[in-house]
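Colleague: Please see the structure below; I have some questions.
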Amino acid sequence: MADPPIFVATRRLTPDVEARLARDYDFRGNPDEDNPVTGEALLRKLQGADVLITTASDRFDAGFVDRLPASLRMVGHFGIGTDGIPVAAIRERGLAISNTPSTATDDVADLAMGLIVATARRFAEGDRLVRAGAWRGITINFMLGQRVAGKRLGLVGFGAIGQALARRARGFGMSVAYTARNPRPETEAELGASRTPLDDLLATSDVVVLACPLTPATHHLIDQAALARMKPDALLINVARGPVVDEAALVAALQAGRIAGAGLDVYEFEPAVTEALKALDNTVLLPHLGTASLDARNAMGFTLADNIDAFMRTGKVLNPVGG
């Protein structure tokens, strides 16, 4: 019987997912939770390997792909967005590449709805106040926030996550507008959503949520001019990718009160977070927790494993990327 293929993961996966991979294959994971295997160390570990498992936090370029060992046949991406890895170069090399779509849609939508409420009602600011021992009791004008129910939600991006968030927002009695490359007439009818040009969406929405992929067209989509179009009492929520927002322009808008607040799960230079953002009370800042539930991470890992199993049987993946 042939030796089982060798799989190399840049980062530690969940125990259940690693156990499944180790059951069927020679799985060489990374036991260090905090430090991914990168660069020369990764190339050494990949010698003789059939599959490289990458994650949404990995970053490498076409030059690195050129140096991958000849044994490698597949890249299995643990995540949805592949903006950190050169998909075209991987495919040009003749490698199969898969991702894990639709495995964490509900988790990201849950988090986005939580960010909306937390930002509108100043949860993080209130938490800090209580922990600091600075709360002195209720007064009529104490920490007044904004009502979420009945407000207008503007979604930049109307894929699976945007649509799932729209369904949650309807439970709050919010009206829904969206901007996307393609219309979604069936979902529009289901949710009473309206497709709206970006400029109009920014100008009329009480809450703007970014749920679009990061592409050259969406890099700094929310810049100084876009922020200037928003209502002064509007909130910006980002569960997409950090560079969709010009972070310096966002800081300036928040400091000047040109928008009321921001709830962020992603950052332009993450894991670095602009110091001025951390100093603002009208922000809720999360450490990229969009898919960070055990349910989601296991589902992502099992989808990854299903893709690898399919490739080993048939030479094709279930969820191909880039074609």
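Colleague: In debye to the nearest 20, how big a dipole does the stretch 70-187 give about its Cα centre with +1 on each Lys and Arg Cβ and -1 on each Asp and Glu Cβ?
Modeller: Roughly 360 debye for the stretch 70-187.
Colleague: Give, in whole angstrom and from largest to smallest, the semi-axes √(5λ) of the equivalent ellipsoid of the chain, with λ running over the eigenvalues of the Cα gyration tensor.
Modeller: That gives 39, 22, 18 Å for the three semi-axes.
Colleague: Then there's this: In percent, what relative contact order does the chain have, based on Cα pairs under 8 Å that are 6 or more apart in sequence?
Modeller: 17
Colleague: Find the centroid of the Cα atoms in the stretch 197-256 and in the stretch 86-112, then give the distance between the two in whole Å.
Modeller: Rounded to whole Å, the Cα centres lie 24 Å apart.
Colleague: Something else: How many percent of the accessible area of the chain is carbon or sulfur, using a 1.4 Å probe?
Modeller: 53
Colleague: Next question, about the same structure. What order do you get for 87-94, 261-268, 164-171 when each peptide is scored by the mean count of other beta carbon atoms within 10 Å, highest first?
Modeller: Those peptides, ordered most packed to least, come out 261-268, 164-171, 87-94.
Colleague: Follow-up question, since we're still on this one. Considering the options 35, 15, 163, tell which one lies farthest towards the positive end of the dipole of the chain, charges being +1 on Lys and Arg and -1 on Asp and Glu at the Cβ, about the Cα centre.
Modeller: 163
Colleague: Given the options 183, 289, 82, identify the residue whose Cα lies farthest towards the positive end of the charge dipole of the chain (+1 on Cβ of Lys, Arg; -1 on Cβ of Asp, Glu).
Modeller: Highest projection toward the positive end goes to 183.
Colleague: If the elastic network links every pair of Cα atoms under 10 Å, which of 47, 255, 163 fluctuates the most in the Gaussian network model of the chain?
Modeller: Residue with maximal mean-square fluctuation among 47, 255, 163: 47.
Colleague: Which percentage, to the nearest 5, of the DSSP beta bridges contained in the chain is antiparallel?
Modeller: Close to 5 percent.
Colleague: If you don't mind, there's one more thing I want to ask. If you place +1 on the Cβ of every Lys and Arg and -1 on the Cβ of every Asp and Glu, how big does the dipole about the Cα centre of the chain come out, in debye to the nearest 20?
Modeller: The calculated dipole for the chain is roughly 580 debye.
Colleague: While we're on this one: For the stretch 270-277, just list the computed ³J(HN,Hα) in residue order, Karplus coefficients 6.51, -1.76 and 1.60, θ = phi - 60°, integers in Hz, with x standing in for Gly and Pro.
Modeller: Working through the residues one at a time gives 4, x, 5, 10, 3, 4, 5, 5 Hz.
Colleague: Normalising by the residue count of the stretch 90-232, find the relative contact order in percent from Cα pairs under 8 Å and 6+ residues apart.
Modeller: Value for the stretch 90-232: 23 percent.
Colleague: Once ligands and nucleic acids are excluded and a 1.4 Å probe is used, how much of residue 32 is accessible, expressed in Å² to the nearest 10?
Modeller: Only protein atoms counted, so the area is about 60 Å².
The values are calculated or read from the model by the stated rules, or taken from the named source; none is laboratory data. Remember, it's a predicted structure, so these values are computed and weren't measured experimentally. Positions of Cβ are backbone-derived with ideal geometry, glycine not excepted, and every protein chain shown enters the neighbour counts. Please note that ligands, DNA and RNA were not included when accessible areas were found on the heavy atoms of the full protein model with its side chains. Shrake-Rupley method; radii C 1.70, N 1.55, O 1.52, S 1.80 Å.
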